[in-house]
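First comes the structure, then the notes that go with it.
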Amino acid sequence: MHTEYIEINEINFDETVNKASELIREGKLVVFPTETVYGLGADGLNGQAVRNVYAAKGRPLDNPVILHVSSIEMLDRLVVDRPEISDLLIEKFWPGPLTMIFKKSNIIPKEITAGLDTVAVRMPNRKFTLSLIKASDTPLAGPSANTSGKSSPTSGEHCRHDLDGKVDMIVSDGDTEVGLESTVIDLSVKNPMILRPGAVTFEMLRAYIPNLEIDSTILESSSDLIPKSPGQKYKHYAPDAEALLFTGGNEEIVRNMKEYIAKNRTKKIGVLSTTENVSEFDRENVLVLDMGSRDNLNEVAHRLFGSLREFDRIGVDLILCEGFEENEMGLAVMNRLKKACSNKIIKGENK
Ligand code: TXA
Ligand code: MG
């Protein structure tokens, strides 16, 4: 299949919206930008088109996908029994990186929900994609536009790397702002529950939902626990090289990383470091990528997936990743880092 790659700008914006929406209406696949990560889009009400999305990604069929909407009217055609709290969350966080799970209406094809009676919906915060959904007049099915198991794409180039020849069009619109996938909150249960942490943090949501819970598999990574969100149980964000996560106090992390480097001198080692620690590795003969300041976890989130992909591109044998405290944005960053490291964690003693 030939994949058309379009970098949008002010001049070709309307024309690209029209072209992409025609493809969507014909049941074709269009990669679209959002503020979180790029999505692999298809007409969410067309079961065959959605099956093609799974095939292009190599995604397991029991992992449901998110629907992207451009209006509340569109949302209300997709769900039933929408709880009152969702009005407030929509007002505060949409368009934005928050996906809500509701009981589904009967227009949703089974391919979207993988047989569940609930559906995940969000309104993305990107002008192009909101225009595309509107022009297509249908919700866009949109899992992240990566090969299943790899880091989610935060640039058009990442999508091209994974999906060239497998989709009809890739619409590139620069880097995504957030860099991690949306927060997923289940509103179909008695006590709303976070199934995937993201930029709309637990702390932000709890301000409106006092009985908010969080799926215990996010906090503890025991293999005995089965995550409530089907996608969370799969191998994710796996870089080509083995990766290890270092936690504890900052000095401990650096000390343990250096010890590890000393024991593995024959290997080509990549270090994912915060700005504050980069110079610690000057004399270590390792390849360091700067994720941004420890004081700005939004920056760290923004660069994380691109950095993991960069290590794949360069080709290293081992990746050592600095860890963070698991609160606010740190919870989402650590959730992705733990998965990237297949839960191989070198724990320090201080916290
Ligand atoms: O930021 C994002 O959410 C991106 C952009 C493109 O919008 N999309 C994204 O989609 O990350 P995806 O398919 O890669 O992740 C969707 C997650 C999966 O973990 C899936 O299992 C979960 O949401 N999910 C979808 N429907 C669900 C449902 N009905 N119940 C529980 N979990 C659900
Ligand atoms: Mg994904």
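The values are calculated or read from the model by the stated rules, or taken from the named source; none is laboratory data. Source: prediction; values computed, not measured. Ideal geometry is used to build each Cβ from the backbone, glycine not excepted, and the neighbour counts take in all protein chains shown. The accessibility values were calculated without ligands, DNA or RNA, using every heavy atom of the protein model including side chains. Shrake-Rupley method; radii C 1.70, N 1.55, O 1.52, S 1.80 Å.
Rounded to a whole number of µm²/s, how large is the Stokes-Einstein D of the chain at 10 °C and 1.306 mPa s, given Rh as the Kirkwood radius over C-alpha pairs? Provide the component values of the computation, followed by the final result.
Details: Rh = 20.7 Å.
The Stokes-Einstein estimate is 77 µm²/s.
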Legend entry - Projected label distance in nm at Leu219 and Ser105, using a 7 Å step from Cα toward the beta-carbon: 3.7
Inset, instruction - Can you tell me the 0 to 90 degree angle between the C-alpha axis of helix 329-340 and the longest principal axis of the chain, rounded to 10? - result: 80
Inset, instruction - Could you work out how far apart the two model spin labels at Asp295 and Lys127 are, taking each label as a point 7 Å from the Cα in the direction of the beta carbon, and quote it in nm? - result: 3.3
Legend entry - Between 0 and 90°, nearest 10: helix 250-263 axis offset from the chain longest Cα axis: 70
Legend entry - Potential extension, Thr3-Thr275 segment - 0.36 nm per residue separation minus Cα distance: 94.1 nm
Legend entry - Simple spin-label estimate for Asp317 and Ala55 in nanometres, 7 Å along Cα-Cβ: 4.1
Legend entry - Net charge of neighbours whose Cβ lies under 13 Å from the Cβ of Asp76, counting Lys and Arg as +1 and Asp and Glu as -1: +1
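Counting only protein heavy atoms and using a 1.4 Å probe, what share of the accessible area of the chain belongs to carbon plus sulfur, as a whole percent? If you can, show how the numbers build up before the last one.
Working: 7140 of 15240 Å².
Roughly 47 percent of what the probe reaches on the chain is carbon or sulfur.
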Legend entry - Sites Asp164 and Phe13, calculated FRET efficiency, Cβ-Cβ separation with R0 25 Å, nearest 0.05: 0.65
Legend entry - Extension gain, Arg265 back to Glu22 (0.36 nm per residue minus Cα-Cα distance, nm): 82.0 nm
Inset, instruction - For Lys110, go through the aspartates and glutamates and keep the ones whose alpha-carbon is under 15 Å away, minus same-chain ones fewer than eight residues off. - result: Asp43, Asp62
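Using the Kirkwood formula on the Cα atoms of region 242-347, what hydrodynamic radius do you get, in angstrom to one decimal? Walk me through the numbers before you get to the answer.
On the way: mean 1/r = 0.0739 Å⁻¹.
Result for region 242-347, one decimal place: 13.5 Å.
Figure the gain on full extension for Thr118 and Arg283 (residue separation times 0.36 nm, minus the Cα-Cα span) and round it to one decimal in nm. Please report the intermediate quantities before stating the final value.
Details: separation 165, 0.36 × 165 = 59.40 nm, distance 5.32 nm.
Extending this stretch completely gives an extra 54.1 nm.
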Legend entry - Span from the region 292-342 Cα centroid across to the region 37-92 one, whole angstrom: 27
